[in-house]
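The values are calculated or read from the model by the stated rules, or taken from the named source; none is laboratory data. Predicted model only: the values in this text are computed from it and were never measured. Note that each Cβ is placed from the backbone with ideal geometry, even for glycine, and that neighbours are counted across all protein chains shown.
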Amino acid sequence: MADQRLLAAYHIRRGADFQRVYGRRCTASDALLLVYGAPNGLPHPRLGLSVSRKVGKAVVRNRFKRLIREAFRLRREQLPAGVDLVVIPRPTAEPTLAQLLDSLPRLAGQIGRRLGR
């Protein structure tokens, strides 16, 4: 069985990387998510999460993060290579994993096309 873990190489952790993605101002959104994107110069996509307190208390915010990370892990091969994605969930949304599995690749694809990936 292939290794299915989401390795540290697929995470955006540094504040400078988040600022670079936000500064690029390349976005795509739907009712569930707002996604910012920027090229990263790597052969794979990376994920950053920004979940504000408007979404809910810590339990709710952590559930959002787990679901988004799982959607990224399961759809990683469908996402554009060489793109950093910062995902911000909408405060009014209560997504299921199935909805995120549909939404994340679609929005990432839009960003990839805008960035020429």
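Output the number of the condition that Val21 fails; it satisfies all remaining conditions of (1) crowded, with 18+ Cβ neighbours inside 10 Å; (2) at pLDDT 95 or above; (3) closer than 21 Å to Leu101 by Cα. Just one mismatch for Val21, condition (3).
Would you check which residues across segment 89-117 are within 14 Å of Arg61 (Cα to Cα) and of a type outside the set (A, V, I, L, M, F, W, C) and list them? It would help to see each step written out before you state the result.
Keep residues of segment 89-117 that are within 14 Å of Arg61 (Cα to Cα), which gives 89-96.
Those that are within 14 Å of Arg61 (Cα to Cα) and of a type outside the set (A, V, I, L, M, F, W, C): Pro89, Arg90, Pro91, Thr92, Glu94, Pro95, Thr96.
Selection of segment 32-55 for residues being surrounded by fewer than 17 Cβ atoms within 10 Å (Cβ to Cβ), over 15 Å from Gln110 (Cα atoms) and either more than 12 Å from the chain's Cα centre (by Cα) or not hydroxyl-bearing (Ser, Thr, Tyr) (or both) yields Gly41, Leu42, Pro43, His44, Ser52, Arg53, Lys54. Do we have any residue at all in segment 76-99 that's of a type in the set (Lys, Arg) and within 21 Å of Arg13 (Cβ to Cβ)? So far as segment 76-99 goes, yes, one or more of its residues are of a type in the set (Lys, Arg) and within 21 Å of Arg13 (Cβ to Cβ).
Answer with yes or no whether Arg63 is in contact (Cβ under 8 Å) with a residue 40 or more places away in the chain, surrounded by 15 or more Cβ atoms within 10 Å (Cβ to Cβ) and farther than 20 Å from Gly116 by Cβ. No, not satisfied.
When segment 83-117 is limited to residues that are among the acidic types (Asp, Glu) and out of contact with any helix residue (DSSP H, G or I) (no Cβ under 8 Å at 6 or more places or on another chain), the one that is modelled with the lowest pLDDT turns out to be Glu94.
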